[in-house]
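Q: Here it is, the structure, as structure tokens.
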There are 2 protein chains.
Amino acid sequence: MTANKKHCKIVDCTIRDGGLVNNWDFSVEFVQHLYNSLNEAGVDYMEIGYKNSPKLLQGAEAAGPWRFLDDDFLKEVIPQKGHTKLSALVDIGRVDENDILPRSESMLDLIRVACYIQDVDKALELVKTFHDRGYETTINIMALSNVMENQLLDAFKTIAESTVDVVYIVDSYGSLKPSDMTYLVNKFREHLPNKRLGVHAHNNMQLAFANTLIAAEGGVELLDASVYGMGRAAGNCNTELIVAELPSTKYTVRPVLDMIEKYMIPLREKEEWGYLIPYMITGILDEHPRSAMALRNSADKDKAVQFYDRLTTPEVVVKP
Amino acid sequence: MTANKKHCKIVDCTIRDGGLVNNWDFSVEFVQHLYNSLNEAGVDYMEIGYKNSPKLLQGAEAAGPWRFLDDDFLKEVIPQKGHTKLSALVDIGRVDENDILPRSESMLDLIRVACYIQDVDKALELVKTFHDRGYETTINIMALSNVMENQLLDAFKTIAESTVDVVYIVDSYGSLKPSDMTYLVNKFREHLPNKRLGVHAHNNMQLAFANTLIAAEGGVELLDASVYGMGRAAGNCNTELIVAELPSTKYTVRPVLDMIEKYMIPLREKEEWGYLIPYMITGILDEHPRSAMALRNSADKDKAVQFYDRLTTPEVVVKP
């Protein structure tokens, strides 16, 4: 393990991933306070939402503006950018390339493309478009814990020859243990020596911060986090923890504590995320949290044993 | 790192450490259900309380019976012991040796002695008494993150020559990072080659489970945990996580989930423990959580910034 944590950069995903909790219902004041807090804390990037197109995503009309970022709107929200750069995520098949301005005319600095392993080629096509328009780019391969080694090695070959700047290790199900993270970081470094790496961890087993630290020690540069861990289901690595513990003089935790006190603690009383037993169960079973999210929205939300039995019983009978 | 996690044993501390949260106000039914759940789950030890003497601890009259364990009472609570052994913790200066029966007449199998580094000699005297009466023994050196290397090396010499079976690495303030845990485990293994090791982690930075896994990978055998993480302040490594993830066929998580559903979730609605910002702050500052516990008991319990400023301001003026 190398110890080059001083080269790490933090990508705060509170608005983008947290929006999956509250349908992006963040006020402009909330987002502005977050931006100022992150900027003052020294956080390197703020992922302020998705840059997907509402034309390509049905039934999302009720979502807040951070789901379909608009450059003119962003200029009103953040009239004066500080040190903290802005990032947006796009999904394969949901982005309209005509929406993407050249970087010189945009508020955004970084565009990240999320994809499953079978869509790496499509993702890299998108990456090339964004790259050619001047953006920093990443490819975020989701659900790595469900990817077979041969698929991964094939993908590495394509990625190594592509224009993408940063390749992300994404623990979508929060099922990776520290030893798994070490294994994946070494695998990515071995096969992608010419690429920088990133990590996006989930907290189903309370391992998001630990896995992020371990990735950083292994040479991973871009570290995803969100304030108070806000993110879908069990949530993410906590920005306050990574800001406090990364050995760099450029970070200071106090502004993040201020954001938590003023906005996140009241929000957590209305919205739910974090370590909850159904999410722990999907984590240990290495599967998508959607069944646990449905459970938490039902009257049976604390029926842990019944839920566990349902997910671990192979002889499921489909009723006619 | 060795990978001898198959030799690990789990020590559930829910009653003993969790008692620090609710003044040991657990019903007999609660403790019986916990014992049966742990036994069914394959957990190796249940630490059922403190074996201190009420004569040596003033102001503790209101505490529940698990604070001052009595052998006759224990026999009523657990008339039939299963696979799971019983453990008790004692503190230096608070235990009356006359209270300790020979193991053959006691319900207890393991007695653990907690101490700070300066009391290692006194702790080992107690250990010898328990050892001579037939018990398994451990010494749990608290607050290791505040111990200087020379003190530790001195203590190792005495410990290596003692009768103690297991030596614990205790992260009292929840301030150790995975790299710190790896460092300590290696240090303990190097200087105590003839002793088995244990780990007791706290969750102030959400690292208790990760640090416990890392210690296990490093050869540590006894792993402390508590159900739903219940323990003082930020709490402990979660028993449900370690039971689910330790690679051994002897453990099964379902009975622990049952305990959580029936008892721990309702209890957590009345009592508070776990990852809360004041505990995170004492964790990152590497200090005892008592100031954070006082804050959580006050009207200012969510005033994170003010609390952080108070702990990080050196020029504290003591009023006349």
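The values are calculated or read from the model by the stated rules, or taken from the named source; none is laboratory data. Small disclaimer: the values here were computed from a predicted structure and weren't measured. So basically every Cβ, Gly included, is an ideal-geometry build from the backbone, and we count neighbours across all protein chains shown. In case anyone asks, the SASA skips ligands and DNA or RNA and just uses the protein heavy atoms, side chains included. Shrake-Rupley method; radii C 1.70, N 1.55, O 1.52, S 1.80 Å.
Q: Would you check which residues across the range A:274-288 are more than 19 Å from B:M264 (Cβ to Cβ) and either among the aromatic types (F, W, Y) or at the interface with chain B (Cβ under 10 Å from one of its Cβ atoms) (or both) and list them?
A: Across the range A:274-288, the qualifying residue is only A:L285.
Q: A further question on this structure: Can you pull out every residue in the range B:295-314 that is more than 10 Å from every other protein chain (Cβ to nearest Cβ) and over 27 Å from the mean Cα position of the chain (by Cα)?
A: Within the range B:295-314, B:A299, B:D300, B:R310, B:T313, B:P314 qualify.
Q: Can you tell me which residue among A:G59, A:G64, A:G42, A:G93 is more than 18 Å from A:E136 (Cα to Cα) and in contact with a Gly (Cβ under 8 Å, 6 or more places away or on another chain)? Don't jump to the end; show me each part of the working.
A: Values: A:G59 fails: in contact with a Gly (Cβ under 8 Å, 6 or more places away or on another chain); A:G42 fails: in contact with a Gly (Cβ under 8 Å, 6 or more places away or on another chain); A:G93 fails: in contact with a Gly (Cβ under 8 Å, 6 or more places away or on another chain).
Result: A:G64 is the single residue among A:G59, A:G64, A:G42, A:G93 that is more than 18 Å from A:E136 (Cα to Cα) and in contact with a Gly (Cβ under 8 Å, 6 or more places away or on another chain).
Q: Find the residue count for the range B:132-144, including only residues that are crowded, with 16+ Cβ neighbours inside 10 Å and part of a helix (DSSP H, G or I).
A: Matching residues across the range B:132-144 total 1.
Q: What is the number of the single condition among (1) among the basic types (K, R); (2) in a helix (DSSP H, G or I); (3) surrounded by 16 or more Cβ atoms within 10 Å (Cβ to Cβ) that B:K122 does not meet?
A: For B:K122, the failing item is (3).
Q: Residues in the range B:145-169 that are touching a residue at least 40 places away in the same chain (Cβ under 8 Å) and open to solvent by less than 10 Å² (accessible area, probe 1.4 Å): how many?
A: 4
Q: Could you check the range A:235-264 and list, in sequence order, the residues that are closer than 17 Å to A:W24 by Cα and of a type in the set (A, V, I, L, M)?
A: Answer for the range A:235-264, where residues must be closer than 17 Å to A:W24 by Cα and of a type in the set (A, V, I, L, M): just A:M264.
Q: Another question about this same structure. Scanning for something in the same structural domain as A:F130 (by TED's automatic domain parsing), closer than 22 Å to A:A233 by Cα, modelled with pLDDT under 95 and aromatic (F, W, Y), does the range A:26-39 turn up at least one residue?
A: no
Q: Any residue in the range B:173-191 that's not assigned by TED's automatic domain parsing to the domain that holds B:A215: show its pairings with residues that are in a helix (DSSP H, G or I) and surrounded by fewer than 16 Cβ atoms within 10 Å (Cβ to Cβ) at Cβ separation under 6 Å, as long as the two are six or more apart or on different chains.
A: Close Cβ pairs satisfying both conditions: none exist.
Q: Here is a further query. State yes or no: is B:V220 touching a helix residue (DSSP H, G or I) at 6+ places or on another chain (Cβ under 8 Å), within 11 Å of chain A (Cβ to nearest Cβ), of a type in the set (A, V, I, L, M, F, W, C) and over 24 Å from B:E287 (Cα atoms)? Let's see the steps before the verdict.
A: Values: touching a helix residue (DSSP H, G or I) at 6+ places or on another chain (Cβ under 8 Å): yes; within 11 Å of chain A (Cβ to nearest Cβ): no; of a type in the set (A, V, I, L, M, F, W, C): yes; over 24 Å from B:E287 (Cα atoms): yes.
So B:V220 fails the test.
Q: Looking at (1) more than 19 Å from B:Y279 (Cβ to Cβ); (2) in contact with an Asp or Glu (Cβ under 7 Å, 6 or more places away or on another chain), which is the only condition A:V253 fails?
A: (1)
Q: Assuming B:A160 fulfils every condition listed in (1) touching a Pro at 6+ places or on another chain (Cβ under 9 Å); (2) under 27 Å from B:V31 (Cα atoms) apart from one, which condition is it?
A: So B:A160 meets the others, but not (2).
Q: Here's a follow-up. Looking at B:E271, B:E190 in this structure, which one is closer than 28 Å to B:T163 by Cβ, open to solvent by 10 Å² or more (accessible area, probe 1.4 Å) and away from chain A (no Cβ under 11 Å)?
A: Details: B:E271 fails: closer than 28 Å to B:T163 by Cβ.
Of the residues listed, the single one that is closer than 28 Å to B:T163 by Cβ, open to solvent by 10 Å² or more (accessible area, probe 1.4 Å) and away from chain A (no Cβ under 11 Å) is B:E190.
Q: For A:S175, state whether it is assigned to a loop (DSSP other than H, G, I, E, B), touching an Asp or Glu at 6+ places or on another chain (Cβ under 9 Å) and not acidic (D, E). Walk me through how you get there before you give the answer.
A: On the way: assigned to a loop (DSSP other than H, G, I, E, B): yes; touching an Asp or Glu at 6+ places or on another chain (Cβ under 9 Å): yes; not acidic (D, E): yes.
Judged against the criteria, A:S175 is a match.
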